[in-house]
Structures are given as structure tokens and as C-alpha cells.
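Notes follow once the structure below has been shown.
What follows is calculated from the coordinates using simple rules that are stated; it is not laboratory data. Just so it is clear, the structure is predicted and the values come from calculations on it, not from any experiment. Cβ: placed from backbone, ideal geometry, glycine included. Neighbour counts: every protein chain shown.
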Amino acid sequence: MITIETLKDIQEREAALRRYLDIDAKIIELEEEEIRTQAPDFWEDAKRAEAQMKKVKSIKKWVDSYNEVKTAVDELALAFDFVKEEIVSEEEVDAAYARALALVEDLELKNMLRREEDSLGAVLKIVSGAGGTESQDWASMLYRMYQRWCEKQGYRVEITNLQEGDEAGIKTVTMQVEGDMAYGYLKSENGVHRLVRVSPFNAQGKRMTSFVSVFVTPLVDDTIEVEVNPANISWDLFRSGGAGGQNVNKVETGVRLRYKYKDPDTGEEEEILIENTETRSQLDNRENAMRLLRSQLYDRELKRRMAMQEKIEAGKKKIEWGSQIRSYVFDDRRVKDHRTDYQTSNVQAVMDGDIDGFIKAYLMEFAQKEQ
């Protein structure tokens, strides 16, 4: 059974969390933000209302998580007192301690994830590197490992791209992981993963080394604010061509929208030209042209973001010897992270998705430096 020192230690950790998270201030802030949602005109601006509800939910999540820790630690202290009177058993005290400890450690870990992007989902891309078929097989094993980990977290995974290997495994796969703090946890996996094993693809049964790159980025909200400057818009009207109805040929229902677009990165200017003759109504055609303009600007912003992402990916380390963040040595039954020196001998558990130890070790060492 736990000792009084063990009980005091977990009580001190609970009190420390209350201070670090500033729970007292968050309780007051939560009340104030919830009052704002009760305004009669709150839902008139749907976008602003949604942002406010998201803010309330975020604050409430921290308060509720702390309250759950507080309750568990208080129940443990009560059980510790009751065991002397034989009201509860020693096994029940140990079980209460295990639950309280798990909740404390979980909240301590979340406390390390305070950056705005940490709360987002994640895009996890796996790319096979040096090693041919062996490397492609290794990529498929990591793919399975991350799928299993996501299942345990209750995260939703969508595969947006997958290229099969030439003989076995995969060349690359992109996983879109949706769930609270998925990026905060998975950013620890960003880097090159090295496998050492007796390869089933080698006829001589030699020990081989292969490499796979894992790249993790935040999964941003699909909503992109499209700003259209009215001063940059000019309109031309023309008669719609084509056979058929007299109204189409005689009335200027066709619209031509010209928009002066300036690239936010290069400063280069160009004209976006949109013609619309979709309907016999000039007003409807104007609205359709504006919709098409917004679609084009939206698409340009997406491509701009993709270009920025490609620059980041181009700066990755070469996928080969000497750049790995973690080594998986199957024959020696050892998985070791070279950044934190955290290691385990339970290789099978790791390949089945048990990577929480590596994630926690990384966050405990590096998350505070990122703040």
C-alpha cells in the first residue's frame, strides 16, 4: 500500500497544477465568458458566436480536467484514512492512487502544451528513405503503429494520400488526424526513424538498417478568411451570346469582373478576369461572378500555404544514417529516442502503438523551451 509520503507527494502535485494552470482565475474568466453567450443578439453574428463558444469550451476543459484531478486526490486521501478503520481495503487504496496518479500525469502533460497550434489536429506524413523494399516495409510498420496509437486516443484518422511500395510496404502515406491536442502530442514524432533488424527481404539473412521520415504539421481549420477589396473590382456588361431566347441576345445580362490581385509574398500584381453568363439575370450573374472570385482567391491562398509547407519540408534532414531521432533495434529488443535517451525493451508494445512514454519524455524535456 502507498505511504503517507506518497500521498503528500501527489497532493503537492495537485496543488502545483492549480497554481500553474491558474485555475482560480480561469473559473472567474469562465463565468465572464459564459455571460457573454447569454446576450440576446449573441447568435446574430454566427462566426463570432462560434469563436466565443470555442473559447468557453477551451477554458471549461481546463477547469473540468483540474476538478477531476482534485476529486481523485481528495478521494485517495479519504481512502487512506478509512483503511485504518478497515472501511476500505489496501487494494482499494492502491487502486485509488493509480487512478489519481494517471489523472495528475495526464494533466501535467497537457500543461506542457500551451501553444495555440498544440490544441489542433495533425497531418502526419510518412516517407520511406534509404533502404529500398526494406525501408518501404518499415514505412508500413510505422503507419500501422501510428494508426494503433490514434485508435487508443480515440482520434479520427483519414488517409489523404497513399502510395504502395514496389514489392512490399509503402513509399509514402499522409494521415489526417483529428482530435484534441493531436498535434501537440504527435510533434514529438517529427524526424527520421531508424530500423535495425534481420531483413526478411534479404536472402542471406543479414542484419539491415533502413530509414523512414515522419513529418508532422498542425491541421489548420479549413475556413480561410477571403478578403475582397471592392476598390480593386471593375465590371463590364455585355450581351450574352448563343442561340435561343430573345432576352439573352438583346439585353446586357452577361458580366465581366476584373479584379486587381496583388501577391502577398512577392508584391506582383495581376488581373483576375471572370465572365459569367450563367443566367438571364444580371444581378444573379454578378453574384455568381463574385462567388467565383472568392473561390479563386481561396484556391490561391491554399496553394500559397502548400508552397510554404513545401519550403518547410525541403528543409528536412536527409533521410539516412546520422540524422535519426529514434532507433528501433529488433534483435536487441530495444527502442531508444536519441533526443531524450528514453528507451524501452518492449519492442512489440511500441509497434502496437504504445509510444506514450516517448511522447511524454520529449514534451517534458522540450515543450517548456518552446513556450
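General remarks:
- Length gained on full extension, residue 331 to residue 27: 104.2 nm, using 0.36 nm per residue less the C-alpha separation.
- Which label in (1) 96, 71, 37; (2) 82, 49, 42; (3) 64, 59, 39 gives the computed Cα extents along the principal axes in Å: (1)
- The angle separating the long axis of helix 282-314 from the principal Cα axis of greatest extent in the chain is about 40 degrees.
- The range 4-111: translational diffusion in µm²/s, Stokes-Einstein, Kirkwood Rh over Cα pairs, 10 °C, 1.306 mPa s: 101 µm²/s
- Residues 174, 209, ranked from the fewest to the most other C-beta atoms within 10 Å, line up as 174, 209.
- Each label point was placed 7 Å from the Cα along the Cα-to-Cβ direction; for residue 8 and residue 231 their separation is 6.9 nm.
- Inter-label distance, residue 287 to residue 206: 7.0 nm, where each label sits 7 Å from its Cα along the C-beta direction.
- Principal-axis tilt of helix 356-370 within the chain, Cα atoms, nearest 10 degrees: 70 degrees
- Annotation: peptides 98-106, 85-93, ranked by per-residue average of other Cβ atoms within 10 Å with the highest first, follow the order 98-106, 85-93.
- Rounded to the nearest 20, the size of the Cβ-charge dipole of the chain about its Cα centre is 1700 debye, with Lys and Arg at +1 and Asp and Glu at -1.
- Segment residue 265..residue 339, full-extension length gain: 23.1 nm, with 0.36 nm per residue of separation and the alpha-carbon distance subtracted.
- Among the listed pairs 125/171; 8/152; 55/303; 171/206; 26/110, a Cα-Cα separation exceeding 20 Å is found for 8/152; 55/303; 171/206.
- Among residues other than residue 147 with Cβ under 12 Å from its Cβ, the summed charge is +1 (Lys and Arg +1, Asp and Glu -1).
- Theoretical gain in end-to-end length, residue 256 to residue 303 [0.36 nm per residue, Cα-Cα removed]: 14.4 nm
- Once you reduce the range 121-198 and the range 18-40 to the center of their Cα atoms, the two points are 39 Å from each other.
- Unit charges on C-beta of K, R, D, E only; dipole of the range 28-130, Debye: 840 debye
- Nearest-ten-degree value, helix 46-82 long axis tilted from longest Cα axis of the chain: 10 degrees
- Rounded, prolate or oblate (a/c below 1.5 giving rounded, otherwise prolate when a/b exceeds b/c) for the range 49-181 by Cα gyration tensor: oblate
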